[in-house]
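The values are calculated or read from the model by the stated rules, or taken from the named source; none is laboratory data. Predicted, not measured: the structure shown is a model, and the values here were computed from it. Every residue, glycine as well, gets a Cβ built from its backbone with ideal geometry; the counts of neighbours run over all protein chains shown. Keep in mind that these areas ignore ligands, DNA and RNA; they rest on the heavy atoms of the full protein, side chains included. Shrake-Rupley method; radii C 1.70, N 1.55, O 1.52, S 1.80 Å.
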Amino acid sequence: MHNPGEDYAVEGSIVDRRGVRPGYIIVEGGAVVETGEGECPVRPDIHGMIVSDIVNGHTHCADYALKIPSGMSLEELVAPPNGLKHRYLQEASEEEIRKSMRSFSEYSASHGAERFVDFREGGVNGCRMLRQESEDAIVLGRPLSPEFDPEEVEELLDIADGIGVSSISDMDHGYIEELADAARDRGKVFAIHASERVREDIDFVLSLDPAFVVHMCEATDSDISKCAEAEVPIVFCPTSNAYFRKVPPIARAEALGADLALGTDNGMLCAPDMVAEAAVFAKVMERQGGPPSAAWNALTRLSGKLLNVHSGIQDTIGRGRLTVLETGPDGAPLPTTAGAVLRPRKRLKRL
Ligand SMILES: [Zn+2]
């Protein structure tokens, strides 16, 4: 792989919010000086995928420093309010949480993601901390009050980009509806975990008009079809799911026409490396008989599809983080093996 400061040309495929197509970049002194679609006008030095607009669709960054014992169930670990993670977040010092947010954000940026969509625990203060610690975070907060408190939610939405709640199994349905309405009234994002541990009522979930749903491990084909019809993207987190011995129905979702996106979920389980997550996604997809190449679109799906209804957010994506993944001279575009496609990477400036 080339070092920063070198001159070289890359030919292969451009992957961004507009899709996947043949293209090239020319790099001088470590900065991109020309980018284009089609054939490279000079002899390429590298064949590869040129990826930008990567958005990590689902994270929880504050638990990045938490070391977890092996063999815990989903409920023991992440269910609010008494799961290990929630006890940790209550007990950890503010400085420790802020440090986790900073190092998580730095890791995410250095691995190519433009933004990460964080389901932020800790109410108003939790949102404020993340806002202060990371420019890359799209902050989806949740209130602390056990009942709907309009003042708290207004204050939360003054700071956050929207609301991200745990699940319809963990909260009163009326409360969730009020949160979804409050987010919509302010033109902000509402999103929710769905059918991660047990199958949940997708009709109720979709009645909340979420910008996207996360997980859907226990969803049926009919549940997935309803998401596809409603054009509600599904964010899959296969590495996180694997920790709990769950496998998301990625190939079925692709076959049923759903919009697939990707997230790395809890920092304590998975570092925010979206290219590595895309490799896991592609492997699960292939094992399930689907097209691994769908991983490329999933990397940028949230930037191109999901967030375009929230134009204020979309305008902040595309600041030029670009990742070059070598594919070898045959230019094989499919991430069928992590070794071929997903090894070295390099961040460059886009023109
Ligand atoms: Zn989550």
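For every residue, the table says whether it meets (1) farther than 20 Å from I138 by Cα; (2) out of contact with any Pro (no Cβ under 8 Å at 6 or more places or on another chain); (3) outside the structural domain of I138 (by TED's automatic domain parsing).
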| site | (1), (2), (3) |
| --- | --- |
| D185 | no, yes, no |
| I192 | no, no, no |
| E196 | yes, yes, no |
| D203 | yes, yes, no |
| P210 | no, yes, no |
| A228 | yes, yes, no |
Query raised in the report: For the range 198-243, which residues satisfy the criterion of being open to solvent by 30 Å² or more (accessible area, probe 1.4 Å) and closer than 16 Å to E277 by Cβ?
Result: T239, A242, Y243
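I'd like the full set of residues that are away from the ligand (no atom under 16 Å from the Cβ) and under 23 Å from the mean Cα position of the chain (by Cα), limited to the range 130-156.
Result: R131, Q132, E133, S134, E135, D136, P143, L156.
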Requested in this report: Of the numbered conditions (1) within 16 Å of the ligand (Cβ to nearest atom); (2) open to solvent by 30 Å² or more (accessible area, probe 1.4 Å); (3) aliphatic (A, V, I, L, M), I159 fails exactly one; give the number of that condition.
Outcome: (1)
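Has the range 237-248 got any residue that is under 26 Å from I68 (Cα atoms), more than 16 Å from the ligand (Cβ to nearest atom) and in the same structural domain as G164 (by TED's automatic domain parsing)?
Looking for residues that are under 26 Å from I68 (Cα atoms), more than 16 Å from the ligand (Cβ to nearest atom) and in the same structural domain as G164 (by TED's automatic domain parsing), one finds at least one in the range 237-248, hence yes.
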